[in-house]
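J.: Here it is, the structure in full.
The values are calculated or read from the model by the stated rules, or taken from the named source; none is laboratory data. Not measured: the values here are computed from a predicted model. Reconstructed Cβ throughout: ideal geometry from the backbone, glycine too, with neighbour counts over all protein chains shown. What goes into the accessible areas is simple: the full protein's heavy atoms, side chains included, and nothing from ligands, DNA or RNA. Shrake-Rupley method; radii C 1.70, N 1.55, O 1.52, S 1.80 Å.
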Amino acid sequence: MQITSMTTYFVAPRWLFLKVETDEGITGWGEPVVEGRAHTVAAAVDELADHLVGQDPLRIEDHWQVMTKGGFYRGGPVLSSAVSGIDQALWDIKGKLHGVPVHDLLGGAVRDRMRMYAWIAGDEPSEAREHATARLEQGYTAVKMNVGGRMRLLESRREVQAVVDRVAAVREVIGPERDVAVDFHGRVSPALARELCRELEPLHPLFVEEPVLPELSHRLGDICSGTTVPIATGERLYSRWDFRPVLESGIAVAQPDLSHAGGISETRRIAAAAETYGVGLAPHCPLGPIALAACLQVDLASPNAFIQETSLGIHYNVGSDLEDYLLDASVFDFRDGHMARLTGPGLGIEIDEKAVAAAAEKGHRWRSPVWRHEDGSHAEW
Ligand SMILES: [Mg+2]
C-alpha cells in the first residue's frame, strides 16, 4: 500500500482536518491543529507530505520516528501537532485495512465505556449554577470550569473569594456524588496557585488543571506538595520527554492532547509512562470529532485512563459542532455520563466528506483572544 495524497481542510469553528489517501482506496483522517495556528500546522503537514507520499502508511512507528526526529529540529506545538494528526490518520488506515477499531490494535479494550466530562462557562455563581444544571440534564456526572478571567500575580481577598464562590455554587448543584474540576488555564502565578488550591480544598475539586504555565513546570512540585487537591496538567506538553519531569513532580493526572502530543502512538507511551508514577490519563480534547475518536481509542486500551474531555457544546463551537462532520453521529453513544466503546474500524467514525468540503470553502481564521490587565499589560488567556 502507498500513500497517494494528503489534503488539509480548514473547518469551523477552528479546526484542521487531514485526509490521507492510499492507492488501495482506504482513506485515513486526522486532526492536526494548534488552536489559533491552523495555517501554520497545515504548512508543517505539507512539508511532511514530501516524505510520506509514496510510502507505505502501515509503517506508522517508522514514520513517527522520521517525522519527529528526521528534521534535526524537533518538538514544540507546531511540528508535534502536525505529526499528531498524521499519526491519527495512519492508525485509521491500519484499522480500516484490518477491519478492527484502533484500540484492538493497541491490545484490545480494557473497559466497555469511558467516563466523560464537559465544560461549563459562567463568570457569576448564578451562571455557573445554570450551566452545571444543563450538563447534569445532558447526563454528565463531571464538569470542568475555569478559575476565572484575568488573574494578577497576587489577587485581592475579594477575587479569591469570588473563585471559591463560583466553585461552591457548582458543588451545590452537582452534590457530593458528581465531580467538578477547575482549570487554572496557566493564568495563575505559583504563589496564587498555592493559595487558591488551599482555599478550594474543602470543596473537593476532582482536580485543578494547569495551575501554572508549562514553562513554570519546575514549580509544580511545590504546588503538588502544598495541597491535597489533585493536580492535572499536560495540554501544552508535546512528548514523553516533556512529560517526564512533570510526572516526577507529583501530579495526579496527565492530560496529553491527542492532536498535540504526537498522536495515538506517543499518547499511548505517555499513558504507560504515567502509569509508572501512579498517574491517571485524562486526554485533553476541546477539538473536533476525529481528535475525540483518537482519544477514545487510546482511553479504551489504556488501564490508567481516568476520564475524557469532550468539546460537545463547548463555547468555542459556535455555529458548528462535533456531529456536523460525521455521516453517523450516533457512533458517539453518550449515556449515563459515559461514552460507549467505539466499535467501527479504524478510529470508529465516518467523516462526511461533503460537509467537510463545504465547510472548507468558508474556512476560518480563528485566533486566541488577547487579554489585557487593567493597567494595559498583557494578561494570560
Ligand atoms: Mg485546560
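J.: In the stretch 240-381, what is the volume of the convex hull around the alpha carbon atoms, normalised per residue and reported in Å³?
T.: Cα-based convex hull of the stretch 240-381, divided per residue, equals 160 Å³.
J.: How do Lys94, Lys362, Lys69 stack up against each other in accessible area, from largest to smallest, with a 1.4 angstrom probe?
T.: If we order Lys94, Lys362, Lys69 from most to least accessible, we get Lys362, Lys69, Lys94.
J.: Still on this structure, I have one more. Once you've got the GNM for the chain with C-alpha springs shorter than 10 Å, pick whichever of Ala82, Ala272, Ala305 has the biggest mean-square fluctuation.
T.: Its mean-square fluctuation being the largest, the pick is Ala272.
J.: While we're on this one: When the expected Rg is taken as 2.2 N^0.38 Å, what fraction or multiple of it is the alpha-carbon Rg of the chain?
T.: Expressed relative to 2.2 N^0.38 Å, the Cα Rg reads 0.96.
J.: Shifting gears a bit: Once the mean 1/r over all distinct Cα pairs of the stretch 173-240 is inverted, what Kirkwood radius in angstroms do you read off?
T.: Its Kirkwood hydrodynamic radius stands at 12.3 Å.
J.: If Lys and Arg each add +1 and Asp and Glu each add -1, what is the summed charge of the other residues whose beta carbon sits under 15 Å from the beta carbon of Trp381?
T.: It works out to a net charge of +1.
J.: Using only the alpha-carbon atoms, how far is helix 263-275 inclined from the longest principal axis of the chain? Give it as 0 to 90 degrees, nearest 10.
T.: With rounding to tens, the tilt is 50 degrees.
J.: Now, a different point. With every protein chain in place, what's the accessible area of Ser377 (1.4 Å probe, Å², nearest 10)?
T.: My reading of the accessible area for Ser377 is about 50 Å².
J.: Compute the length gained on full extension between Ala121 and His204: take 0.36 nm times their separation in residues and subtract their Cα-Cα distance, giving the result in nm to one decimal.
T.: 28.0 nm
J.: Same structure, new question: Run the accessible area of the stretch 291-372 with a 1.4 Å probe and give the carbon-and-sulfur part as a rounded percent.
T.: Summing carbon and sulfur atoms, their accessible area is 51 percent of the total for the stretch 291-372.
J.: Does the stretch 30-140 come out rounded, prolate or oblate by the C-alpha gyration tensor, with a ≥ b ≥ c the root eigenvalues, rounded set by a/c under 1.5 and, if not, prolate when a/b is larger than b/c and oblate if not?
T.: oblate
J.: Where only protein heavy atoms count, and the probe is 1.4 Å, what is the accessible area per residue for the chain in Å²?
T.: Per residue, the chain has an accessible area of 41 Å².
J.: Here's something else I'd like to know. Just Glu177, Glu201, Glu350 to compare: in a GNM of the chain, with alpha carbon springs under 10 Å, which one fluctuates most?
T.: Glu177
J.: Cα axis of helix 289-301 to longest principal axis of the chain: angle in degrees, 0 to 90, nearest 10?
T.: In the chain, helix 289-301 runs at an angle near 80 degrees to the longest axis.
J.: Additional query: Using alpha carbon coordinates only, what is the Rg to Rh ratio of the stretch 139-285, with Rh defined as the Kirkwood radius?
T.: With Rg and the Kirkwood Rh in hand, the quotient comes to 0.97.
J.: Using modelled amide H (1.01 Å from N, peptide plane; none on Pro or chain starts), what sits under 5 Å from the amide H of Glu309, excluding residues fewer than 5 places away?
T.: For Glu309, whose amide H was placed from the backbone, the distant partners under 5 Å are Tyr117, Cys285.
J.: Also, quick follow-up: Among residues other than Gly186 whose Cβ falls under 10 Å from its Cβ, what is the net charge (Lys/Arg +1, Asp/Glu -1)?
T.: For residues surrounding Gly186, the net value is -4.
J.: Beyond a 22 Å Cα-Cα separation, which of these cross-linked pairs lie in this structure: Lys144/Lys362; Lys19/Lys144; Lys144/Lys354; Lys19/Lys362; Lys94/Lys362?
T.: Checking Cα-Cα distances, Lys144/Lys362; Lys19/Lys144; Lys144/Lys354; Lys94/Lys362 exceed 22 Å.
J.: Let me ask something additional. In the Gaussian network model of the chain, springs joining C-alpha atoms below 10 Å, which of Val110, Val45, Val370 carries the largest mean-square fluctuation?
T.: Comparing Val110, Val45, Val370 in the GNM, the peak value goes to Val370.
J.: Relative to the longest principal axis of the chain, what angle (0 to 90°, nearest 10) does the C-alpha long axis of helix 190-200 take?
T.: With both axes taken from Cα atoms, the answer is about 70 degrees.
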